[in-house]
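Notes to accompany the following structure.
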């Protein structure tokens, strides 16, 4: 789903709900950060408001990807009270969800040093459009590849067979998911350019990195909790991806100040 289609569905859903405030007095809503982080969703909120009500004037006080501190004014919306209030929850959700992902991605990136956070395109169904932007705003690098996941591996005769089939149908880089250290060495013998190592403990990750010796691009993936970063970042690898980024990132909250 592209981003315009996503916002059109939001507007359609919002338009079907009754307005709670009947006043059409002019007002200004200021959204203010409650905590430090990375802002994401500013441009997307503007796109949404242009579809919802062209009479709302939107002003950016921050840009996507910028740092925000507690108390910073993020953006302001000027228009009729009833229209502003009706759109408020959606605006705060877009900003909150996207900023939560961007902030977590940036937190991990700051811990990594040489390695990069990878955007593997594994977005939540229905939120693909906004999560893609949030990953970028957090500093993740989007990778293009043909993924052979663990299910595709199970459906193939061997890892080599799975990679050969992928090479036959696609001329792009092939990434192969490896879920245990025993299969890692078989994966090393395939022609896959990228290995995504998932569910490895810290020692297995260390062994895999040492034995790879730069032969393939290594992505440390799966459920990587923050308390593992100090150990993992002492190893030399290319990319890291955690399912926490879009599955467990908090939705940031923003304070509201009403002006006239």
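Exposed (fewer than 14 other Cβ atoms within 10 Å of the Cβ) and in a loop (DSSP other than H, G, I, E, B): does that describe residue 156? Can you show your working first?
Values: exposed (fewer than 14 other Cβ atoms within 10 Å of the Cβ): no; in a loop (DSSP other than H, G, I, E, B): yes.
It is false that residue 156 is exposed (fewer than 14 other Cβ atoms within 10 Å of the Cβ) and in a loop (DSSP other than H, G, I, E, B).
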Seminar exercise, completed: For the stretch 210-235 the number of residues that are part of a loop (DSSP other than H, G, I, E, B) and in contact with a helix residue (DSSP H, G or I) (Cβ under 6 Å, 6 or more places away or on another chain) is 2
Exercise. Can you pull out the residues in the stretch 117-130 that are out of contact with any helix residue (DSSP H, G or I) (no Cβ under 7 Å at 6 or more places or on another chain) and either farther than 16 Å from residue 247 by Cα or surrounded by fewer than 18 Cβ atoms within 10 Å (Cβ to Cβ) (or both)?
Worked result: 121, 122, 125, 126, 127, 128
Problem set entry | Residue list for the stretch 54-75, restricted to those being crowded, with 17+ Cβ neighbours inside 10 Å and over 24 Å from the mean Cα position of the chain (by Cα) | 56, 58
For this session: Select from the stretch 207-229 the residues that are touching a residue at least 60 places away in the same chain (Cβ under 8 Å) and out of contact with any strand residue (DSSP E or B) (no Cβ under 8 Å at 6 or more places or on another chain) and write down the one among them that is farthest from residue 95 (Cα to Cα).
Result: 229
Problem set entry | Members of the stretch 32-53 that are out of contact with any helix residue (DSSP H, G or I) (no Cβ under 7 Å at 6 or more places or on another chain) and crowded, with 20+ Cβ neighbours inside 10 Å | 33, 42
Exercise. Among the listed residues 134, 182, 175, which satisfies the condition of being more than 21 Å from residue 232 (Cβ to Cβ) and either over 12 Å from the mean Cα position of the chain (by Cα) or assigned to a helix (DSSP H, G or I) (or both)?
Worked result: 134
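None of the figures in this text is laboratory data; all of them are computed from the coordinates on show. Because the structure is a prediction, the values reported are computed rather than measured. Glycine also receives a Cβ, built like all others from the backbone with ideal geometry; neighbour counts cover every protein chain displayed.
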